[in-house]
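Student: Structure in structure tokens, see below.
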Amino acid sequence: GQQVMQIPQYQHVQEGEDFTTYCNSSTTLSNIQWYKQRPGGHPVFLIQLVKSGEVKKQKRLTFQFGEAKKNSSLHITATQTTDVGTYFCAALPRGGADGLTFGKGTHLIIQP
Amino acid sequence: DAGVIQSPRHEVTEMGQEVTLRCKPISGHNSLFWYRQTMMRGLELLIYFNNNVPIDDSGMPEDRFSAKMPNASFSTLKIQPSEPRDSAVYFCASRASPGQGLGEQYFGPGTRLTVT
């Protein structure tokens with residue numbers, strides 16, 4: 001089935017450092033979403049990207065969709081302790097029906 | 001808005017017992033999704049419904065799993081008989097309308113299932 005690879009699996013950063021997680025697919029994607037899950041919580045929607053090369057920003061978070069629509073990234077500038085959690089990408093392959101495939105997630109651990 | 005409601009929040013049962021997980025989507029939402037989350041396999045889509053109709057159940061692991069959505073405000077996921085490897089957190093999510101994977105999914109708090 002559709003595979004969405006997400007790296008790294010874990011990322012330790014000092015508070016104030018930047019953080020980036022990457023999502024890659026071997027096939028062209030129709031669209032991609034990003035979710036955040038706090039420890040012990042449930043996934044919460046962050047953003048949706050649809051267009052080739054699209055870039056969206058939410059305060060310190062920058063989301064990109066690759067030109068070929070096969071990869072995406074989430075970058076956090078100057079991390080804060082509130083950024084702790086697991087970040088998931090979720091994608092629909094081009095031609096797919098409606099069900100999203102989630103990446104395994106990147107666990108962000110912040111050391112104060 | 002109460003959000004997506006799931007019950008029970010925690011379930012501990014013995015192998016071989018029947019387990020029923022319940023979900024109430026956000027009022028007015030037309031798509032409902034059931035997911036399973038484990039450390040090993042991550043977040044897996046089990047089945048989803050559009051307008052109460054099951055669209056894709058290819059993620060349901062085996063015949064022991066079944067899901068129903070008798071009306072727009074209620075869905076169940078049943079495991080019969082349960083096995084220890086079914087231990088996981090089961091999430092229900094709803095979305096306003098169907099459509100090629102587009103649109104925010106709102107997740108419930110999840111049900112943590114432990115099968116001993």
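Student: Looking at region A:59-106, which of its residues are of a type in the set (D, E, K, R), free of Cβ contacts under 8 Å to residues at least 24 places away in the same chain, open to solvent by less than 40 Å² (accessible area, probe 1.4 Å) and more than 14 Å from chain B (Cβ to nearest Cβ)?
Tutor: none
Student: Still on this structure: Looking only at region B:76-89, decide whether some residue is assigned to a loop (DSSP other than H, G, I, E, B), over 23 Å from residue A:3 (Cα atoms) and within 12 Å of another protein chain (Cβ to nearest Cβ).
Tutor: Scanning region B:76-89 turns up no residue that is assigned to a loop (DSSP other than H, G, I, E, B), over 23 Å from residue A:3 (Cα atoms) and within 12 Å of another protein chain (Cβ to nearest Cβ).
Student: Find the residue count for region A:24-47, including only residues that are more than 28 Å from residue B:113 (Cβ to Cβ) and either at pLDDT 95 or above or open to solvent by less than 30 Å² (accessible area, probe 1.4 Å) (or both).
Tutor: So the count comes out to 6.
Student: Here is a list: A:103, A:53, A:66. Which entry is on the phi > 0 side of the Ramachandran plot and within 16 Å of the chain's Cα centre (by Cα)?
Tutor: A:53
Student: Please state which of the following conditions residue B:109 fails to meet, knowing it meets all the rest: (1) within 11 Å of chain A (Cβ to nearest Cβ); (2) part of a strand (DSSP E or B); (3) at pLDDT 95 or above.
Tutor: Condition (2) is where residue B:109 drops out.
Student: From the list B:55, B:47, which residue is within 11 Å of chain A (Cβ to nearest Cβ), assigned to a strand (DSSP E or B) and surrounded by fewer than 18 Cβ atoms within 10 Å (Cβ to Cβ)?
Tutor: B:55
Student: Taking residue A:56 and the conditions (1) in contact with a Phe, Trp or Tyr (Cβ under 7 Å, 6 or more places away or on another chain); (2) at pLDDT below 95; (3) open to solvent by 60 Å² or more (accessible area, probe 1.4 Å); (4) not aromatic (Phe, Trp, Tyr), which numbered condition does it fall short on, given that it satisfies the others?
Tutor: Every listed condition holds for residue A:56 apart from (2).
Student: Please specify each residue of region B:11-44 satisfying the condition of being within 12 Å of residue B:67 (Cα to Cα) and within 12 Å of chain A (Cβ to nearest Cβ).
Tutor: The answer is B:32, B:33, B:34, B:35.
Student: Residue A:109: open to solvent by less than 20 Å² (accessible area, probe 1.4 Å) and modelled with pLDDT of 95 or more, yes or no?
Tutor: Judged against the criteria, residue A:109 is not a match.
Student: Can you confirm whether residue B:15 is within 16 Å of residue B:114 (Cβ to Cβ), open to solvent by 40 Å² or more (accessible area, probe 1.4 Å) and free of Cβ contacts under 8 Å to residues at least 40 places away in the same chain?
Tutor: When the stated conditions are applied, residue B:15 does not pass them.
The values are calculated or read from the model by the stated rules, or taken from the named source; none is laboratory data. Given the structure is predicted, the values throughout are model-derived calculations rather than measurements. Glycine gets a Cβ as well: all are built from the backbone with ideal geometry, and neighbour counts include every protein chain shown. Only protein heavy atoms, including side chains, enter the accessible area calculation; ligands, DNA and RNA are left aside. Shrake-Rupley method; radii C 1.70, N 1.55, O 1.52, S 1.80 Å.
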